[in-house]
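For reference, the structure is listed below as structure tokens.
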Amino acid sequence: MEPISAGALDIIQPTYWPGNYWWHWLFYTVVVIVFMLVMVIGAIYFERRAMGKMQTRLGPNRTGPFGLLQPIADAVKVLLKENIVPGVADKIVHFLAPVIAFTPVLLIFTVIPFQNGAMLADLNIGILFIVAVSSIATVGVFMAGWGSGNKYSLLGAMRNVAAVVSYEIPMVLAILGVVMVTGSLSMNDIVNAQNIPNILVQPLGFLLFFTAACAEINRSPFDLMEADSELTAGFHTEYSGMRFAMFYLVEYAEAIAMSAVISTLFLSGWRGPWLPPWLWLIIKTFFVFFLMIWVRTIMPRVRIDQLMGLAWKFLFPLAVINLFATAIEVLAWPDASQWIFVGVNIVLAGALVFLGSRLFKTGLGRVEV
Amino acid sequence: MTTTQELTLKTEPFILNIGPMHPSTHGVFRMRATLDGEVVTDIEPVFGYLHRGIEKLAEERTYTGIIPFTDRLDYLSPMSNNLGYCLAVEKLAGVKVPERGEYIRIITAELQRLANHCVAIGAMFNDAGAYFTPFLYMFRNREKIYDLFDMLCGQRVTYNYMRIGGVSQDLPEEFLPAVAKFLPQLKKFLDEYEFFVKQNEVFVARSKGVGILSKELAINCGISGPVARASGIKHDLRRDDPYSIYDRFEFDIPTAENGDCFDRFYVRVQEMRQSVRILEQAIKQVPDGPFRANVPQVIHPPAGESYAHIESPKGELGYYIVSDGSIAPYRFHIRPTSLINLGALRNMVRGWKVADLIFIFGSIDITMGEVDR
Amino acid sequence: MEIDENKDYIYDAHELDVHEGQIIEKLKANSQKSIPDPDGWLDEDIKRNIVLTSLDWVIDWARRSSLWPVACFPACCAIEMMAVEGPRFDLSRFGMEILRASPRQADLMITAGTLTWKMAPNVQRIYNQMPDPKWVIAMGTCGISGGIFRSGYNVVPGYNKIIPVDVYIPGCPPRPEAVIYGIQMLQKKIAKSKAVPDLNELPNPLKKGKK
Amino acid sequence: MTTALAATEIVSQLSAQFPGAVEEAGTDAVLVKGEHLPAVVEYLKTAAGLKFDYLNFITAVDYYSYFEVVYRLTSLEFNRYIVLKTRCYTRNKPSVLTLTGIYQGADWQEREIYDLMGISFKGHKNLKRIFLWEGFDGHPLRKDWNR
């Protein structure tokens, strides 16, 4: 019979905790949460200023120096607002929805390396974990749509579920290309393997993943579940006060998390000269986030059937072709220099996107959804 | 054994109330939309949320006192409304407007058309879901037109500038040079804007072939203005029934064939170019002289009735006035362009998605002040 | 569902219309008196000489720095409201470019336009849907008193017959500068309000019937 | 210039087609008897050489002793217009035949007249108040309406 104390020790000090001590784990958890909150506040400020500049106006600049305190004022105000639960709402579902939407976003950050090995959990299936966890937020969104008892919310939630289900597939296929090139599912190993950033080795994969990520986290032009001009505020129409703040937080935290994932997978994560690694990660994350803001500012929203059409008619075939091409490259010439593949893949990506867009245009009819 | 017949799902219509306070109903329009999933199967428009009773109020005002009401009808183009009303009263009373007054009217009306189309195009993009950017770029140019009007009459929206027999005050000295300076800027901006919009795949995908209005239906519904011209009806009152001095200017009437949302955008942009053309001719020809005919403040037109219509930015705007010889009109009726243009909305949106419903509605360009009066 | 192109233009929503009419008539009968502006506390404040705490200051600062307006744009003033949002006057400097379409997430209602009796129940509903604390700015003469449409048969003479109004901005429509000035006046007003309630004034659950 | 179709020109044609339809022919307008109105309009819309296919507007005027409903039709092809009028001499539930079957654009304008002037249009499929609410007392554009 095994002594009980050994089992207890296993719980306190399992081998997969960073540094093998529970206080390391606690410290990292706190760091991740604080990091995410600070990043979100920065992202909100950054987005509003950047969009202001693109829209020939200034953006917030009155609250604090350069308007830096604007997101904090927003946060304090929203948290102190009255919380309204509509009479027809399903109270429990309405209460739980923001929590369920919020948790998975935090989990994404657990597997993103800030430095070589500096992450909460170096899972050997890190990227699979992200794919699995990131779609849980949809459950929260659908709960919000259903529990609010509002028709606009329900429509927005249904759109979101349809979009996420479709966009998982091109997203995973795009990731598979990266996994084949680097030969690992662990985020840390993926970064370590990127002597050439994957955006060059997998240019098509980057485009597909960026588009699919935008659709999955509902950034414009795929923000159909919020759709200001159609569905007032979409799935969170009936949310106010702190619950709404959580959804607002989720929206930006998801964007930041996806930007971080993209910079880890395709932009060689924390690697870079001169600056400390964590700063490189933040810079790259904000660069990807800026791309998202840019797209949001210049694009009208697509329609739901066009959203589906894009996933199944355009992204899916391209992702499959990309996967095959990568597989052939990796299998046939495992020892060839990656720089050859860079050239080949960029040409292939350009040709495929061009052909795909021509073909896609011809098939842009009405699709019943 | 189950057959296909038994497996068919029973569906219920999903009735969605859009409006009256909805971000993209251009005011307080309300639609009861019946949906099948995302597809709009039927809509019922509900009006009256801005019904201020202008036609009744006008019966207790003098003829000059009605001009402020017309400003607030279609608040995106008050100058055109003023012009139409003044023409109707002048027709009734037989007043001849001096040359300079006519030119000032044309210049202001065409500037107003530019300002209106700025908002129409920008708001249409907003309804398509673009996050404010195209709207704000259009607004930046609209501000410049507002400055010109501000210079003219000291008001930004409700000008109350035209009078029966002319305009209320003469052009300030710096007005015409300012217009001459503004027009090339606008032309350049329009080229740029159109280029970027036509390159935007998402916008083209959203607008091409969406919300088609056939020519026959457009005529049957009495639709006028850019919406009708986008459907291929080459009808423009400035050309077909020239009022004021429009017969002196050279301009084209842009039309399109398909009658979809893209064509409505395209026709509006082309119309802005034509307005610039008219303005370029007009500012060179403005003569000296009185800007207003010698008309008493309180006029008694003879008993009778008159109908004057103009090509307002939204379409045919008409005023039907019945006079009994007193200082106030006996009956004052406005032909509401926006209300009549909405007449085909139901035919245009059926079978399209909710997103298209909003977009098609935005592409018609209505103002609730004019719909409900 | 099949779309029948030849279906007649008939709806059986008559009960809905009748119901709406009843609501309007009821509201019309009940709102003949103006609702007093919710700034009685200003006088009281001076009388009792209450000092604002620093927590008050922080909360008031947050509230006045981030006023999110709800989209309530019935008529002409909406154009000037858009101009205020636009590039030249640029309300985004004050962090107010987030126009919430859903009243549940807004703090400020800028009533830009004439209010008609048919619209009144909807405006009241929007106001009720906004979470506390909330403020209302009556923009334009129509919003203050009905303006030149005051004698109309369908026009509510001022928003304060329906909802309490904090700040009035005159003008038909007011110029954007005036609107920004009005918003700053509201910010001043918010800065003076007491955000943290006195503990003595709160109802004590232990002592029934007493404060 | 959109020219008026002189009433005298059309009256003989109309009288031949619909005997007794024209009540009175002024210089600028033709006064048609209420029961013949849809037939006359249908004829004006379809007859070759007339083709009045565009309905500008419909309105109504209250002259105390009678209501006058005014129709203005335009022919886009020939660029001509004609003004038709019809009268109803009763103040209690006046009614006119509808034109919605001929022009779809007449729908809401007829509803507007019904709402504000209280003239009902026989045959209109969806005749209910458009601007004011159900239960509003009276029809405000009538001259004897009092608040």
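The values are calculated or read from the model by the stated rules, or taken from the named source; none is laboratory data. Small disclaimer: the values here were computed from a predicted structure and weren't measured. Neighbour counts are summed over all protein chains in view; Cβ atoms, including those assigned to glycine, are modelled from backbone coordinates with ideal geometry. Each accessible area value is taken on the protein alone, full model and side chains, heavy atoms only, with ligands, DNA and RNA left out. Shrake-Rupley method; radii C 1.70, N 1.55, O 1.52, S 1.80 Å.
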Fill in the blank from the handout: Per the C-alpha gyration tensor (a ≥ b ≥ c, the square roots of its eigenvalues), the stretch A:213-369 is rounded if a/c is under 1.5, else prolate if a/b beats b/c, else oblate; here it's oblate
Fill in the blank from the handout: The simple spin-label model distance between residue B:60 and residue B:150, using points 7 Å out along Cα→Cβ, in nm, is 3.6
Handout entry: Average beta-carbon neighbours from other chains, 10 Å sphere, peptide A:72-84
Key = 6
Practice task
Order the following by accessible area, largest value first: D:80, B:248. Probe radius 1.4 Å; ligands, DNA and RNA are ignored.
Solution key: B:248, D:80
Fill in the blank from the handout: By the C-alpha gyration tensor axes a ≥ b ≥ c (rounded if a/c is under 1.5, else prolate when a/b exceeds b/c, else oblate), the shape of the stretch A:106-255 is prolate
Handout entry: Spatially proximal lysines relative to residue D:45 (Cα-Cα < 23 Å; intrachain offsets below 8 disregarded)
Key = B:215, B:234, D:33, D:85, D:122, D:125
Practice task
Note down the relative contact order for the stretch B:14-372 as a percent, whole number, built from C-alpha pairs under 8 angstrom at least six residues apart.
Solution key: 27
Problem - Sequence of D:36, A:94, B:300, B:235 when ordered by accessible area, the most exposed leading, probe 1.4 angstrom - result: B:300, D:36, B:235, A:94
Problem - Cross-link pairs A:77/C:192; C:26/D:143; A:77/C:188; C:26/C:118 - those with Cα-Cα distance over 20 Å - result: C:26/D:143
Handout entry: Pairwise FRET efficiency - residue A:34 versus residue C:191, Cβ, R0 = 25 Å, nearest 0.05
Key = 0.25
Practice task
Take chain B, connect every pair of alpha-carbon atoms lying under 10 Å apart with a spring to form a Gaussian network, then pick out the residue of B:225, B:27, B:84 with the largest mean-square fluctuation.
Solution key: B:27
Practice task
For the stretch C:130-180 and the stretch B:157-212, compute the distance between their C-alpha centroids and round to whole Å.
Solution key: 30
Fill in the blank from the handout: Probe 1.4 Å, all chains present, heavy atoms only: residue A:46 accessible area in Å², nearest 10, is 70
Exercise for the section: Whole number in Å², please: accessible area per residue of the stretch C:67-191, 1.4 Å probe, ligands, DNA and RNA not counted. Expected result: 23
Completion exercise
Taking every residue of B:314-324, the Cβ atoms of other protein chains inside 10 Å of its Cβ average out to 2
Exercise for the section: Obtain the nm distance between the two label points defined at residue A:291 and residue A:99 by a simple spin-label model: each point lies 7 Å from its Cα along the Cα-to-C-beta direction. Expected result: 3.6
Exercise for the section: Roll a 1.4 angstrom probe over the protein heavy atoms and tell me the percent of accessible area of the protein assembly as shown that is carbon or sulfur. Expected result: 61
Exercise for the section: Using the heavy atoms of the protein chains and a 1.4 angstrom probe, tell me the accessible area per residue for the stretch B:14-372 in square angstrom. Expected result: 26
Practice task
Residues in the stretch B:124-147, backbone N under 18 Å from the label point at residue B:188 (7 Å along the Cα-to-beta-carbon vector): list them, ranges by number please.
Solution key: B:137-145
Fill in the blank from the handout: Most packed first (mean Cβ within 10 Å per residue), the peptides B:329-341, A:245-257, B:177-189 order as B:329-341, A:245-257, B:177-189
Handout entry: Relative contact order %, the stretch C:67-191, counting alpha carbon pairs below 8 Å whose residues are six or more apart
Key = 26
Practice task
With a point put 7 Å past each Cα toward its Cβ, work out how far residue B:280 is from residue B:178 in nm, to one decimal.
Solution key: 2.2
Handout entry: Residue-averaged beta-carbon neighbours from other chains (10 angstrom radius) around B:360-373
Key = 2
Practice task
List the lysines whose Cα lies under 23 Å from the Cα of residue A:284, skipping any in the same chain that are fewer than 8 positions away.
Solution key: A:53
Completion exercise
Sorting B:227, B:371, B:166 by the position of each Cα along the dipole of chain B (Lys, Arg +1; Asp, Glu -1; all at Cβ), the one nearest the positive end of that ordering is B:166
Completion exercise
Distance in Å, no decimals, from the C-alpha centre of the stretch B:51-125 to the one of the stretch B:253-318 is 10
Completion exercise
Checked the stretch B:14-372 against the a/c 1.5 cut and the a/b vs b/c comparison, axes a ≥ b ≥ c from its Cα gyration tensor; verdict oblate
Handout entry: Cross-link reach list, lysines versus residue A:313, counting only Cα pairs under 25 Å and skipping chain neighbours closer than eight places
Key = A:361, B:198, B:208, B:353
Practice task
May I ask for the net charge around residue B:313, where only other residues with Cβ less than 10 Å from the Cβ of residue B:313 are counted and Lys, Arg are +1 while Asp, Glu are -1?
Solution key: -2
Practice task
Would you tell me the accessible area of residue B:151, worked out with a 1.4 angstrom probe on the heavy atoms of the protein chains, in Å² to the nearest 10?
Solution key: 70
Problem - Accessible area buried, both sides summed, chains B and A with 1.4 Å probe, Å² - result: 3000
Problem - Within the stretch A:41-67: backbone nitrogen closer than 18 Å to the residue B:199 label point (7 Å, Cα to C-beta) - result: A:54-56
Problem - Probe 1.4 Å - accessible area at residue A:292, Å² to nearest ten - result: 0
